[in-house]
Amino acid sequence: MLQRVQPRVENPRYGQLIIGPPGSGKTTYCNEAYKFYKELGRQVGVVNLDPGNDNMSYQPVVNVMELITVEDCMEHMQLGPNGALMHCAEYLEQHFEDWLLPALRKLSATHNYFLFDCPGQVELYTHHTAMARVFERLERERYNLVTVNLIDSHYCSEPAKFIATLLMALNTMMRMSLPHVNVLSKADLLRKHESKLHFNVDYYTDVLDLKYLLEKLDDDPTMRKYQKLNEAICSMVEDYALVSFKLLDAFSTDSMLRLRNHIDKANGYVYKAGEEQTVNSLLACAVGAETEAMRQQRDIEPYTNQQ
């Protein structure tokens, strides 16, 4: 049976869904990424979807706090901060058609690339469904999306926290069902904490043989009783073989360029938008386009070598 060919979108729209735990640097990344992509000539805007974001360093083109805020929910509905944030996510989903979508459509003539600054409560992506449904409806509107999951790189310094990070990242990837880039943020601080790392940085970014990490956990008396649980988690992560990380220093142009290549490949921008259509630029985004030595030099060494 012949399948109907989807009509070509004349002005394709692209988006990064910036998620991650509180304190992982989402808002900082959105601010720096906005300036970075603006300099590249993209028609970029930041959409704040975090109803508790009181410290925006950027000017959003759409702001969910004009619709609902965590503070108002806590006051009028007698909810705690977590419950209020979940209610806000559900309220946003309910008003997708009559608030968010019209606000985005008004920008269609001036913007085609969006950075969505999302709430930091991880349960919204690992257990709750409201945000996933919002993202799904954006996809239906022909937004080419990629989830950018920011995680503080200091979690690499503690085996138990890194295993929890792996589980959270895998769970989020499975539930979002979108192109996905996991990012270890604040990577510029790794050189300060390098002595606390049990392995080289590429062990964590590439998620290599996790049995060595389990051995480090066995050295901790408080973690021995969870040995079987940790083994099961690591086995599951390795069986799926989906989780890996990119390093990011949001204040480094070189670091932002490297991450941009991965993100553009994930959401299709490099292939469709016509910003860079030379063979060299396409190869720069292709898998295996550089040697392992080049990858180490560009992706790892800037964050570990002492300046």
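The values are calculated or read from the model by the stated rules, or taken from the named source; none is laboratory data. What you see is a predicted model; the values in this text were computed from it and never measured. As a convention, Cβ positions derive from the backbone with ideal geometry for all residues, glycine included, and neighbour counts pool all protein chains shown. For the accessible areas, the whole protein counts, side chains as well, though only heavy atoms, and no ligand, DNA or RNA atoms are used. Shrake-Rupley method; radii C 1.70, N 1.55, O 1.52, S 1.80 Å.
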**Complete:** Looking across region 78-114 at residues that are in contact with a Lys or Arg (Cβ under 9 Å, 6 or more places away or on another chain) and polar (S, T, N, Q), the single one that is least open to solvent (accessible area, probe 1.4 Å) is Asn112
**Prompt:** Taking Asp299 and the conditions (1) under 18 Å from Asn149 (Cα atoms); (2) at pLDDT 80 or above, which numbered condition does it fall short on, given that it satisfies the others?
**Reply:** (2)
**Request:** Those residues that are outside any helix (DSSP H, G or I), of a type in the set (D, E, K, R) and either open to solvent by 20 Å² or more (accessible area, probe 1.4 Å) or without any contact (Cβ under 8 Å) to a residue 24 or more places away in the chain (or both), I need them from region 20-77; list them, please.
**Result:** Asp50, Asp54
**Request:** Report the residue count in region 202-223 for those that are of a type in the set (Val, Ile, Thr) and more than 18 Å from Ala241 (Cα to Cα).
**Result:** 1
**Prompt:** For region 209-223, which residues satisfy the criterion of being among the hydrophobic types (A, V, I, L, M, F, W, C) and modelled with pLDDT of 90 or more?
**Reply:** Leu210, Leu213, Leu214
